[in-house]
1. Looking at segment 225-242, which of its residues are out of contact with any helix residue (DSSP H, G or I) (no Cβ under 6 Å at 6 or more places or on another chain), touching a residue at least 24 places away in the same chain (Cβ under 8 Å) and of a type outside the set (D, E, K, R)?
2. For segment 92-129, which residues satisfy the criterion of being within 16 Å of the ligand (Cβ to nearest atom) and in contact with a Pro (Cβ under 9 Å, 6 or more places away or on another chain)?
3. Specify which of the listed residues (Pro25, Pro67, Pro89) is over 18 Å from the mean Cα position of the chain (by Cα), away from the ligand (no atom under 16 Å from the Cβ) and within 25 Å of His118 (Cα to Cα).
4. Report yes if some residue within segment 35-42 is of a type in the set (A, V, I, L, M), within 16 Å of the ligand (Cβ to nearest atom) and buried (at least 16 other Cβ atoms within 10 Å of the Cβ); otherwise report no.
5. Got a sec? Which of Val49, Val73 is touching a residue at least 24 places away in the same chain (Cβ under 8 Å), more than 23 Å from Ala270 (Cβ to Cβ) and of a type outside the set (Gly, Ala, Ser)?
6. Please work out which one of (1) away from the ligand (no atom under 16 Å from the Cβ); (2) of a type outside the set (Lys, Arg); (3) in a loop (DSSP other than H, G, I, E, B); (4) over 20 Å from Ala270 (Cα atoms) is the condition His57 fails and give its number.
7. If we keep just the residues of segment 49-64 that are over 21 Å from Trp240 (Cα atoms) and out of contact with any strand residue (DSSP E or B) (no Cβ under 9 Å at 6 or more places or on another chain), which is surrounded by the fewest Cβ atoms within 10 Å (Cβ to Cβ)?
8. When only residues in segment 106-130 that are in contact (Cβ under 8 Å) with a residue 60 or more places away in the chain and assigned to a helix (DSSP H, G or I) count, which is farthest from Arg178 (Cα to Cα)?
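Read the figures in this text as sums done on the coordinates, not as results from a lab. Since we're looking at a predicted model, the values are computed, not measured. Counting neighbours? That spans all protein chains shown, and the Cβs are built from the backbone with ideal geometry, glycine included.
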Amino acid sequence: MAELVGVFASSHGPMIVRSWQTIAPKWRQILTTAFTELGRRIKAARPDVLVVISPDHWVNFSMDNLPSICVGVGETHDGPPEPWFKEFPHRTLAGHPQLASHIVEQALEHDFEPAVSHHLALDHGFCIPVWKAGLDPLPPIVPIVFNDLEPPFPAVRRCYAWGTMLADAVARFPGKLRVAVLATGGLSHSIGEPTMGEIDEAFDRECIRRFEAGDPPALFDFLNRRLPAAGNGAAEVRNWVAAHGAARGKGFDLIKYDPIPDVYVGCGFASWKV
Ligand SMILES: [Fe+2]
């Protein structure tokens with residue numbers, strides 16, 4: 001049977017790549033140290049497959065076709081299409097269709113109806129964390145896209161339930177496989193709206209405190225009250241909630257948090273107890 005060997009989270013603000021050279025050296029150092037520690041923890045878990053939960057930033061989907069959750073079941077995925085992300089060394093990324101299809105089947109058996117894609121392009125949301133974490137060789141990826149970009153969003157409690165379903169699905173996979181989950185996005189940030197560039201540090205720190213406490217109902221209550229006013233990018237915290245569910249709400253260990261004005265994002269990095 002497969003084994004869930006680690007659950008992780010990382011921010012993925014695009015300025016981390018597209019403006020790296022103009023970020024203040026102090027923040028570059030902090031980000032480098034955080035990504036390196038994230039990578040150390042992922043490598044220590046020795047995953048054969050990485051399930052990465054990220055939004056899609058209008059690369060695969062649009063307002064005409066916007067699934068709440070989509071699982072990439074293909075043999076391969078495309079590397080990031082963003083023209084400013086050419087440094088990423090993988091133009092083709094290996095998938096894991098057996099595990100991905102199993103997750104979809106388990107989801108359908110357990111009251112979820114995800115969309116599926118046999119060919120996804122994995123944008124900076126997927127690729128910044130795996131690149132900056134220095135995962136080499138890069139394990140096959142099962143991408144799971146959450147709609148964090150445009151309302152209506154998946155309910156917070158359903159994101160948590162998706163995570164617990166995912167962990168159950170991994171445990172039921174009929175093959176010897178070490179599986180890690182990486183949720184990417186958040187924490188607070190605001191893109192293309194009047195509050196562009198604002199970081200809600202109070203929200204971020206309370207969010208982290210509640211993930212550390214590991215009390216899912218209290219976390220849902222907090223997020224339902226505060227998420228809508230923490231900047232549109234904060235909706236990506238839903239991915240962290242799914243990771244929290246995969247870790248059975250046991251609480252997590254913060255690697256680093258800083259509100260980094262140069263990348264417009266409250267940047268958080270963490271791993272859960274599994
Ligand atoms: Fe994003």
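1. Here is the first cut: in segment 225-242, the ones out of contact with any helix residue (DSSP H, G or I) (no Cβ under 6 Å at 6 or more places or on another chain) are 225, 228-229, 231-233, 235-237, 239-240.
Then drop every residue that is not touching a residue at least 24 places away in the same chain (Cβ under 8 Å), which leaves 229, 231-233, 235-237, 239-240.
Result: Ala229, Gly231, Asn232, Gly233, Ala235, Val237, Asn239, Trp240.
2. Taking segment 92-129 first, the residues within 16 Å of the ligand (Cβ to nearest atom) are 120-129.
Selection gives Leu120, Ala121, Leu122, Asp123, His124, Gly125, Phe126, Cys127, Ile128.
3. On the way: Pro25 fails: within 25 Å of His118 (Cα to Cα); Pro67 fails: over 18 Å from the mean Cα position of the chain (by Cα).
Answer to the selection: Pro89.
4. Initially, segment 35-42 is screened for residues of a type in the set (A, V, I, L, M), giving 38, 42.
Among the residues that remain, those that are also within 16 Å of the ligand (Cβ to nearest atom) are: none.
The answer is no, given that none of the residues of segment 35-42 is of a type in the set (A, V, I, L, M), within 16 Å of the ligand (Cβ to nearest atom) and buried (at least 16 other Cβ atoms within 10 Å of the Cβ).
5. On the way: Val49 fails: more than 23 Å from Ala270 (Cβ to Cβ).
Being touching a residue at least 24 places away in the same chain (Cβ under 8 Å), more than 23 Å from Ala270 (Cβ to Cβ) and of a type outside the set (Gly, Ala, Ser) holds for just one of Val49, Val73, which is Val73.
6. Unmet for His57, out of (1) away from the ligand (no atom under 16 Å from the Cβ); (2) of a type outside the set (Lys, Arg); (3) in a loop (DSSP other than H, G, I, E, B); (4) over 20 Å from Ala270 (Cα atoms): (1).
7. The selected residue is Asp64.
8. Once the filter is applied, the top-ranked residue is His124.
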